[in-house]
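Everything on this sheet refers to the single structure shown next.
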Amino acid sequence: MSGFKEMLAADNQRVFLNVQEFASLRTVVYEGQSFVDIPVVLSGLKEDERQLKASDHAEGLFLVKTLLQCSIDDLQRVQPQKGARLKINNQEGGGGFFHEFYIKEAVCEFGLLRLELEDVNERNRWNIY
C-alpha cells in the first residue's frame, strides 16, 4: 500500500501542484508565519449575495468562497485549523494584495491540504487571481 501512497504524492507534486499545469505560486500567511511562493490551486472562487436577516443592516456585503489546495510539506507540516484565519496574496514574489479568509474546513489527505475558505466583503473589492 505504501507504493500507492508514494505514487499519489508524486503525482500531486508532478501534475496537480505543478505551476506549468494547474498551480500558481502564492504567499500564504498562517498564524504569523509566511510561506512565500508555494504552489497552490485555488478553485471554485465565487461571490454569493448574503441572506439578509431582519436585523441585518449590512447591505452590499457578499460571501466570498474558494477552495485552496497545497502540499502540507510546503507549509512545513503545519495544518491550518478550522475556525482560524489565513491570508493569501494575488501574485508571485510575496507582494501584491493579501486577502484574509476564515477557514471553514481543513482536511489533509495523502499530504494534500484542502481548505475551504470564506470571507464577507464588498463586491469587486479584491482580486485573488
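Miscellaneous remarks
- The phi-based Karplus calculation (6.51 cos²θ - 1.76 cosθ + 1.60; θ = phi - 60°) puts the 3J(HN,Hα) values of segment 68-77 at 10, 10, 7, 7, 5, 5, 5, 9, 6, 6 Hz, whole numbers, x for Gly and Pro.
- Added length on full extension, which subtracts the Cα-Cα distance from 0.36 nm per residue, residue 77 to residue 102: 7.0 nm
- Between residue 110 and residue 24, the contour length at 0.36 nm per residue exceeds the Cα-Cα span by 28.9 nm.
Every read-out reported here was derived from the displayed coordinates using simple, explicitly stated rules and does not represent laboratory data. Computed from a predicted model, the values in this text were never measured in an experiment.
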